[in-house]
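Input: a single structure, listed below in structure tokens.
None of the figures in this text is laboratory data; all of them are computed from the coordinates on show. Predicted, not measured: the structure shown is a model, and the values here were computed from it.
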Amino acid sequence: MFMERVVSRTLKAICWATGLYAGEAEWTMEYSFFNVTIDLTNAGHEHMEDILGLLFRHIKHLQQSGVSQWIFDELSAICEAEFHYQAKIHPISYATRISPKMTIYPRKHWLVGSSLPTKFNPASVEKVLNELSLNESSSPRAPF
């Protein structure tokens with residue numbers, strides 16, 4: 001979320017993008033994917049290498065600065081508010097969304113599932129952050 005705001009604000013300010021979305025997608029108990037989607041403007045398409053350079057420079061900054069408890073706490077509060085104030089959905093849709101969680105989570109977590117972070121684990125976050133890298137031989141250079 002923090003990365004999204006910093007990089008998105010920069011790209012929007014120079015009119016290279018209209019939006020940036022980052023987060024976990026398509027996961028199982030063994031793996032998950034981290035996706036970054038950037039909605040580029042026409043000018044942004046002409047500066048894709050610069051944009052990738054900016055993105056990976058920010059990831060490198062996060063790797064070097066370490067993991068912060070306050071970011072986890074802020075995200076936890078946001079997730080909790082979203083969970084408690086989510087819009088009501090049709091019961092069959094709700095049951096369909098909950099049923100796959102029954103094989104993954106203990107009974108007391110069926111309703112919250114992966115919606116609420118449970119504990120701060122800096123080693124786990126650092127491990128994932130360190131997996132986000134760009135091959136040095138193809139590393140784009142950003143003008144920032």
Counting pairwise Cα distances across the stretch 7-99, what percent come out greater than 16 angstrom?
72 percent
For every helix of n ≥ 4 consecutive DSSP H residues, a contribution of -39,500 (n - 2.57) applies; sum these over the chain, divide by its total residues, and give [θ] at 222 nm rounded to the nearest 500 deg cm²/dmol.
-14500 deg cm²/dmol
Contact order normalised by residue count of the chain, Cα under 8 Å, 6+ apart, percent:
26 percent
For SER99 and LEU75 in the same chain, what is the full-extension length gain: residue separation times 0.36 nm, less their Cα-Cα distance, in nm?
6.1 nm
When the Cα centres of the stretch 88-117 and the stretch 47-64 are compared, how far apart do they sit, in Å?
36 Å
